[in-house]
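Step one of this worksheet: look at the structure below.
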Amino acid sequence: MDRELYYDVAVVGGGSAGIAATIGAHDAGAGTILLERNPYFGGQATHSQVHSYCGFCTNGENWTQVVKGVGQRVLDKLQAMGKFDGFVVSPTGNMLMYQDPEYTKLALDELMQESGADYLLCAAVVDAEVKENRITKLICSDDEGLFSVHAKRYVDASGEANLASLAGAPVEFHCEQSGSLVFRMGNVRVGGDYSPAAIKAAVNRALADGVTGISAVFGTVGYVQSTEDYTVNIISLKIPGLDAATQTRCEMEGRRQVHLYAEIFKKYLPGFENSYLIYSGPRMGYRESRRICGEYELCKDDVKHSRKYPGRSIARGGWGAELHLGNEDVAYAEERGDKYFDIPVETLIPRQVDNLWCGGRIISADLAASSSVRVMGTGFATGQAAGVAAALSESNRCMDIPAIREELIRQGALI
Ligand SMILES: Cc1cc2nc3c(=O)[nH]c(=O)nc-3n(C[C@H](O)[C@H](O)[C@H](O)COP(=O)(O)OP(=O)(O)OC[C@H]3O[C@@H](n4cnc5c(N)ncnc54)[C@H](O)[C@@H]3O)c2cc1C
């Protein structure tokens, strides 16, 4: 292979977790590269129009911010562009911020350009070479062919545990929760009643009129600031595998439903009468797929009882368990109020591969805990921790946890 690149740390995936991992590792002193297969950063925030950054705060009257660090730097960038002016309460009663994918793309470009770390867009990691429980290099592909990235340590922030899986670390595949193809509608009357109850009533009217072929009555819409656009998140599809054939079927079915729902919203949801479909996706959003089997599996009780892990915590979770199991309402497993839980470092560590750390949606967690920590605010936090841990440790079997925590605090993270 004529192109061989050498780094201390290589990060796979430029979503919330990967951006934070890369900046975290670089700021901790490691020569770092970020590899992203899309032509822009942001992961599902940009590629699947997931319209709100959740998990930066606890929910409840006395809410507090629980994620800062690199995540805060993203918010600061968006604020400088006039695209963030504080957290808001959503129609489902949660604290979040609505993001506009086009500005988020630009904000993340600028953040990466200023970071000092290296990065490649349009670069897919397709294989990993492993020797004696350590990844020795990544095989990557772009439109020129294949190239290798050799690093001492690696971070998997791929959202699908693609690197962990390629490297032979134990992973579990889950599809209990549905995915969705989010779409954007223009020329909507701003400020109408687009609550889940209003959406449900509209969809039920369509069903009563004999409309068939849709997957859900529960849905949310998100206002795109300074426009007459709303993003719609309603389609509910189980994604039973990650092979291309399965994904092809799901994408096509999602697209078929996008057009059907767009017509339903126009006809049955007051405020959408004159709306039109702007675009969908580009890609189906996945709430879950692979998760690593880690050294510790975060569990429902950790979330429910706001458990603390003194001396081992590397991030805070403020979001409640939020289960999307079918086509009816979302199950918020418990009201979290304004408390947060700690995320211990062992949730980032896969078994059997000694120089790999994981961040974001794929960290080791049971169904309920995963439905909490997958949100992107928390993803920035676990990603940053994975990057710092990778920068400071020779192996995940032997980490200086106080030093990792000290560095995270120095970088402005809340742990
Ligand atoms: C319908 C839906 C609604 C949601 N609603 C919310 C919400 O309102 N708020 C919220 O905060 N979260 C929400 N989530 C959850 C959230 O979007 C994800 O859990 C989150 O994006 C995960 O972040 P991540 O960084 O781990 O992975 P991702 O955002 O998935 O990013 C992973 C990145 O890795 C890249 N990648 C993968 N494999 C490779 C490879 N082999 N080579 C190179 N690059 C690779 C991908 O292209 C991608 O850019 C929602 C999810 C869905 C599906």
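Here are some notes:
- In the set VAL211, VAL203, VAL190, only one residue is assigned to a helix (DSSP H, G or I), away from the ligand (no atom under 16 Å from the Cβ) and β-branched (Val, Ile, Thr); that residue is VAL203.
- Residues within region 345-384 that are more than 9 Å from the ligand (Cβ to nearest atom), open to solvent by 10 Å² or more (accessible area, probe 1.4 Å) and either outside any helix (DSSP H, G or I) or closer than 18 Å to VAL11 by Cα (or both), tallied: 5
- Candidates ASP85, ASP109, filtered to the one that is open to solvent by less than 70 Å² (accessible area, probe 1.4 Å) and of a type in the set (D, E, K, R): ASP109
- Each residue in region 1-20 was checked for being more than 9 Å from the ligand (Cβ to nearest atom) and either of a type in the set (Asp, Glu) or modelled with pLDDT of 95 or more (or both), and 10 pass.
- Leading residue by the ranking (nearest to the ligand (Cβ to nearest atom)) among those in region 23-46 that are open to solvent by less than 10 Å² (accessible area, probe 1.4 Å) and more than 15 Å from the chain's Cα centre (by Cα): LEU35
- Selection of region 282-321 for residues being modelled with pLDDT of 95 or more and polar (S, T, N, Q) yields SER289, SER313.
- Any hit, region 400-409, residues being free of Cβ contacts under 8 Å to residues at least 24 places away in the same chain, surrounded by fewer than 24 Cβ atoms within 10 Å (Cβ to Cβ), more than 16 Å from the ligand (Cβ to nearest atom) and outside any helix (DSSP H, G or I): yes
- Residue in region 80-92 that is part of a loop (DSSP other than H, G, I, E, B), without any contact (Cβ under 8 Å) to a residue 24 or more places away in the chain and within 16 Å of the ligand (Cβ to nearest atom) present: yes
- Looking only at region 217-229, and only at residues there that are outside any loop (DSSP other than H, G, I, E, B) and open to solvent by less than 30 Å² (accessible area, probe 1.4 Å), the one that is nearest to GLY186 (Cα to Cα): ASP229
- Members of region 172-186 that are over 22 Å from GLU322 (Cα atoms) and either of a type in the set (A, V, I, L, M) or open to solvent by 70 Å² or more (accessible area, probe 1.4 Å) (or both): MET185
- Residues of region 93-106 satisfying the condition of being open to solvent by 50 Å² or more (accessible area, probe 1.4 Å) and either more than 10 Å from the ligand (Cβ to nearest atom) or assigned to a helix (DSSP H, G or I) (or both): GLU102, TYR103, LEU106
- Listed by first and then second residue, the pairs linking a residue in region 108-126 that is away from the ligand (no atom under 14 Å from the Cβ) and modelled with pLDDT of 95 or more to a residue that is open to solvent by less than 50 Å² (accessible area, probe 1.4 Å) and not β-branched (Val, Ile, Thr), with Cβ atoms under 7 Å apart and 6 or more places separating them unless they lie on different chains, are GLU110/LYS77; LEU111/LYS77; ALA117/LEU34.
- Near pairs, Cβ below 8 angstrom, 6+ apart or cross-chain, from region 282-296 (of a type in the set (Val, Ile, Thr)) to any residue that is within 8 Å of the ligand (Cβ to nearest atom): ILE292/ILE362
- First in region 246-260 and free of Cβ contacts under 8 Å to residues at least 40 places away in the same chain, second anywhere and open to solvent by less than 20 Å² (accessible area, probe 1.4 Å) and among the aliphatic types (A, V, I, L, M), Cβ under 9 Å, 6 or more apart: THR246/ILE239; GLN247/ILE239; GLN247/MET284; GLU253/LEU181; GLU253/ILE235
- For region 230-328, no strands (runs of 3 or more DSSP E) sit wholly inside it while including 1 or more residues that are of a type in the set (Asp, Glu), within 12 Å of the ligand (Cβ to nearest atom) and in the same structural domain as ALA403 (by TED's automatic domain parsing).
The values are calculated or read from the model by the stated rules, or taken from the named source; none is laboratory data. All of these numbers come straight from a predicted model, not from anything done at the bench. In this analysis, Cβ positions are derived from the backbone assuming ideal geometry, glycine residues included, and neighbour counts consider all displayed protein chains. The protein model used for the area step is the full one, side chains on, heavy atoms only, and it has no ligands, DNA or RNA in it. Shrake-Rupley method; radii C 1.70, N 1.55, O 1.52, S 1.80 Å.
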